[in-house]
Amino acid sequence: MFVSDFRKEFYDLVYNQRVLLFVASDVDALCACKILQVLFQCDHVQYTLVPVSGWQELETAFLEHKEQFCYFVLINCGANVDLLDILQPDEHSIFFVCDTHRPVNVVNVYNDTQIKLLIKQEDDLEVPAYDDIFRDEAEDEDLSGSDSDVSEPSEKRTRLEEEILERTTKRRQRREWEARRRDILFDYEQYEYYGTSSAMVMFDLAWMMSKDLNDMLWWAIVGLTDQWVHDKITQMKYVTDVGILQRHVSRHNHRNEAEENMLSVDCTRISFEYDLRLALYQHWSLHESLYNTSYTAARFKLWSVHGQKRLQEFLADMGLPLKQVKQKFQSMDVSLKENLREMIEESANKFGMKDMRVQTFSIHFGFKHKFLASDVVFATMSLMESPEKDGSGTDHFIQALDSLSRSNLDKLYLGLELAKKHLQATQQTIASCLCTNLVTSQGPFLYCSLMEGTPDVALFSKPASLSLLSRHLLKSFVYSTKNRRCKLLPLVMAAPLSIEQGTVTVVGIPPETDSSDRKNFFGRAFEKAAESTSSRTLHNHFDLSVIELKAEDRSKFLDALVSLLS
């Protein structure tokens, strides 16, 4: 059921209890977790944190800990499936689910006792009515009874005929209701999409309890920016949520001159920015950032010689010397940096890039350290999905979680260096896919498969990295192809996962159009295709549109997908 008063129906209940936190492996979940951790530490609430990257890990961890806890909090996992069916918990276990995955499973919505959904009701959830989905079994139990013996006295015949007629009518109504229920559930569950950031939901809770800090506000900003970076929400939703957070930023960071002078040198300041959508440009050179940002790489077509010439023309139009552009941003001439945003925006407009600047936020730690929200998203994601074999997934998770604290700036800078390598690897892979025509049209969708032995292929076996590569590849393909129909198609992408087990990771991405509502139909389509061909798949990820598949079954799986979507 949906929780209306988060403080009363969630926080006050767990206040004196031991709580188990299950946190998914994405940046928004990490930010929500950080906010909740600070709240729990304020009130001395005992908790255990368990990172989970998929359903199998969640089930295993639950089985291991279920005897010791009554209260479980799930962040960015658990809303879009029947949780009680998967975990089979005892009656006294209560689950608080704060999840951005939509649609929310109907059983979770209508379970009043064990499932408490920490989800904003303002989101357009369109949950079907209870009576359309559930039916009282007592009504139907008499339908299965066998018909009475016909050789009865004549006075009872009329009543018997009436009973048979009534029973037949009830059966027909039951069949009609079941058919209608199937249609309603199909329409409701057909598309996968995302709701309000979990970090924003947790920040709202802190604000309601008057315990919101500047750090919590920053984590809420990073959680929202993570959704925007990964194209999980529409531009309209992003701008609306930025407006909400902007009011909180003004409230927390509003100081007059006298107060400003009294502040310590290393204090934290958050400010609203109308900044360039260039990845990590303040920690890189402008040239590298232009090269490795999907927005500019796609529009200039930097995988071609002609595209590289256009980039040189763009820099010439701005009047920026190559020597300045190729050195670290921090070392550029101050006179150039002062008007850089305006210069880039002006030239970008001439080159058809109308939205080169975007609403975002930055944070200053003292005078030396300044980060944009998107910088932190890339750094944290890179730490979490690091292909290094030096630690387990949990180690990477803890390192990513630590990098969000201002006391661990060394980890954040390490994440930024990793993020640069990831972005370079992404653009190099896109260039290689487009130049060798690896993106092919299968009819209802585009398909691209990374071969074993491709550089950086280990990085792209991770779900978030592969999803980001797929989105950026689709954007670049739309700008490179002259085929109008192909510009409107979704993309299915596969990358090798394990050579020993012969498995691949497959991800489905919705079409890249300006009016796109970011709804993804591949989750259900993958399930149906796997079912109809008996393909060996593992639907282990919290995002239904990411699956693991046996490489041998790939061709029959794709054939089924083509026939299903045609």
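The values are calculated or read from the model by the stated rules, or taken from the named source; none is laboratory data. Quick caveat: nothing in here was measured; it's all calculated off a predicted structure. We place every Cβ from the backbone using ideal geometry, glycine too, and count neighbours over all the protein chains shown. Side chains are part of the model used for accessible areas, which takes the heavy atoms of the whole protein and leaves out ligands, DNA and RNA. Shrake-Rupley method; radii C 1.70, N 1.55, O 1.52, S 1.80 Å.
Residues in segment 373-403 that are surrounded by fewer than 16 Cβ atoms within 10 Å (Cβ to Cβ) and of a type in the set (Ser, Thr, Tyr) were compared, and the one that is modelled with the highest pLDDT is THR394.
Among the candidates PHE22, PHE69, the residue that is out of contact with any Phe, Trp or Tyr (no Cβ under 9 Å at 6 or more places or on another chain), within 19 Å of HIS92 (Cβ to Cβ) and open to solvent by less than 30 Å² (accessible area, probe 1.4 Å) is uniquely PHE69.
Every condition in (1) of a type outside the set (Asp, Glu); (2) part of a helix (DSSP H, G or I); (3) open to solvent by 50 Å² or more (accessible area, probe 1.4 Å); (4) touching a His at 6+ places or on another chain (Cβ under 8 Å) holds for LYS411 except the one numbered (4). The condition (being of a type outside the set (D, E, K, R), open to solvent by 40 Å² or more (accessible area, probe 1.4 Å) and more than 22 Å from ALA400 (Cα to Cα)) is satisfied by just one residue among LEU87, LEU118, LEU13, LEU83: LEU13.
Pairs are defined by a Cβ separation below 6 Å, a sequence spacing of at least 6 or placement on different chains, a first member in segment 351-370 that is at pLDDT below 85, and a second member that is part of a loop (DSSP other than H, G, I, E, B); the pairs so defined are GLY366/VAL265; GLY366/ASP266.
Pairs are defined by a Cβ separation below 6 Å, a sequence spacing of at least 6 or placement on different chains, a first member in segment 516-536 that is at positive phi, and a second member that is at pLDDT below 90 and not in a helix (DSSP H, G or I); the pairs so defined are ARG518/TYR193; ARG518/THR234. Residue count for segment 481-504 under the criterion of being of a type in the set (Val, Ile, Thr), open to solvent by less than 40 Å² (accessible area, probe 1.4 Å) and free of Cβ contacts under 8 Å to residues at least 60 places away in the same chain: the result is 3. Among the conditions (1) over 22 Å from ARG277 (Cα atoms); (2) open to solvent by less than 10 Å² (accessible area, probe 1.4 Å), the only one that ASN214 does not satisfy is (2). Once segment 26-66 is narrowed to residues that are in contact (Cβ under 8 Å) with a residue 60 or more places away in the chain and in contact with a Phe, Trp or Tyr (Cβ under 6 Å, 6 or more places away or on another chain), the residue that is surrounded by the most Cβ atoms within 10 Å (Cβ to Cβ) is CYS31. From the list VAL507, VAL457, VAL478, the one residue that fits, being of a type outside the set (Lys, Arg) and open to solvent by less than 10 Å² (accessible area, probe 1.4 Å), is VAL507. Counting only residues that are within 26 Å of SER250 (Cβ to Cβ), surrounded by 14 or more Cβ atoms within 10 Å (Cβ to Cβ) and of a type in the set (Phe, Trp, Tyr), segment 313-372 holds 3 of them. Can you tell me which residue in segment 72-115 is farthest from the chain's Cα centre (by Cα), limited to those that are of a type in the set (Val, Ile, Thr) and in a loop (DSSP other than H, G, I, E, B)? Of everything passing the filter in segment 72-115, THR113 is farthest from the chain's Cα centre (by Cα).
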